[in-house]
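Working notes, structure below.
The values are calculated or read from the model by the stated rules, or taken from the named source; none is laboratory data. This is a predicted model, so every value here is computed, not measured. When we count neighbours, we look across all protein chains shown, and the Cβ atoms used for this are built from the backbone with ideal geometry, even at glycine. For accessibility, only protein heavy atoms count, side chains too; no ligands or nucleic acids. Shrake-Rupley method; radii C 1.70, N 1.55, O 1.52, S 1.80 Å.
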Amino acid sequence: MTLPDLAAALVVLGLSAYLVLGGADFGAGLWDLTAGGPHRGARVRGMIKFGMSPVWEANHVWLIFVFVVTWTAFPVAFGSITSTLYVPLFAAAVGIILRGGAFALRGEAATIAEARALGATFALSSVLVPFFLGAAVGGIASGRVPVGNASGDALTSWWNPTSVVVGLMTVAAGAHMAAVFLATDSIRARQPDMVEAFRARALGSGAVAGVIAIAGLFVVRDDARALYDGLTRDGGLACVCVSAVAGVVTLGLELRRRFEWARYTAALSVVSIVAGWALAQRPYLLPGHLTLDAAAASDPTPVALLVSGALGMLLLAPALWYLFRLVLRGRLDTEFRPLTAGDREAGDR
């Protein structure tokens, strides 16, 4: 592999990790949004808080990793992407900030009105952020980001059939990952009703994600033929097939309540799609405009990036592994309790 290939592999690795881990966090927000009223949805929201609290901040390290590697190894492409797709990227950035603040402060609200406003901000941001990020990816993959400062259309670069499909797929995949993870957390919290609640959500969202993926292929065929051709041959096709098989296996595991294994097959399904996208547009970084080799910085830069990345992983990977090990063993668990809009007021009286 060439130096640009290795740098691109780091981007794919970081994006895959973010879609699986950060995507599950965003998906939890969708289940918060659809949980129901303050009383009917209290147990679902309580389980979301129980499952997310120890890890939600750590998961976003991968988004920073992707941005840093991209602007370091492929500066021209990074400038072209961020200047053309500034609308969805700015919207996603604002949403991430609002979502994090709302999640952290929701339990500290002084009134029911404040708690509801914070809850709505958290839930809506959790749906909009992955959609905007997915729409940005769709714009890149469909060849709507040309080389240059703000050279692409500020609206149609991300609001087009392929981008909409990828955005919806990102939301659905995150929701499915979240349901699988939260079902496992419910087992650890000894809440059998929540296990069944999230099992139903996992099966439903998994089916929806599959339908969007199948329909998306027809949309991409008509809207971005080069991407479709890449996804239906050679390595791209292999990744699509792996993703489809992993998705079906995941649904089977969910039916049998084998959520521990379902987490891994669901993650494999998502990672395979990311890898398939990368292979489908190879050798382009900006399809139709800029190849990977032409986009790469001079050799000393990717060499320094790869060395520093390897050293950084020696610190980051064990720390994250230990964090998730503690979480999965219940060492960082708090006591599960339903989360209602009036929790703070009730505690103050």
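Tabulated values for the structure
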item	result
Close pairs (6 angstrom Cβ cut-off, 6 or more residues apart or separate chains): within 18 Å of A179 (Cβ to Cβ) in segment 234-263, open to solvent by 70 Å² or more (accessible area, probe 1.4 Å) and not β-branched (V, I, T) anywhere	A246/L268; L253/W261
Verdict on V129 being touching a residue at least 40 places away in the same chain (Cβ under 8 Å) and either more than 23 Å from L30 (Cβ to Cβ) or touching a Pro at 6+ places or on another chain (Cβ under 7 Å) (or both)	no
Some residue of segment 86-106 being more than 17 Å from the chain's Cα centre (by Cα), buried (at least 24 other Cβ atoms within 10 Å of the Cβ), modelled with pLDDT of 95 or more and of a type in the set (S, T, Y)	no
Residue in segment 181-194 that is surrounded by 15 or more Cβ atoms within 10 Å (Cβ to Cβ) and free of Cβ contacts under 8 Å to residues at least 40 places away in the same chain present	no
Qualifying helices (runs of 4 or more DSSP H) (wholly inside segment 1-81; at least 1 residues being closer than 25 Å to V166 by Cβ and at pLDDT 90 or above)	3-17, 23-33, 61-73
Only listed residue being on the phi < 0 side of the Ramachandran plot, part of a helix (DSSP H, G or I) and modelled with pLDDT of 95 or more, chosen from T162, T184	T162
So A200, is it closer than 25 Å to L30 by Cβ, assigned to a helix (DSSP H, G or I), of a type outside the set (S, T, N, Q) and open to solvent by less than 10 Å² (accessible area, probe 1.4 Å)	no
Top-ranked residue of segment 321-337 - restricted to ones that are open to solvent by 40 Å² or more (accessible area, probe 1.4 Å) and over 17 Å from G46 (Cβ atoms), ranked as farthest from the chain's Cα centre (by Cα)	R331
Residues located in segment 252-274, provided they are open to solvent by 50 Å² or more (accessible area, probe 1.4 Å), in a helix (DSSP H, G or I) and touching a helix residue (DSSP H, G or I) at 6+ places or on another chain (Cβ under 8 Å)	L255, E260, W261, L268, V271, I273
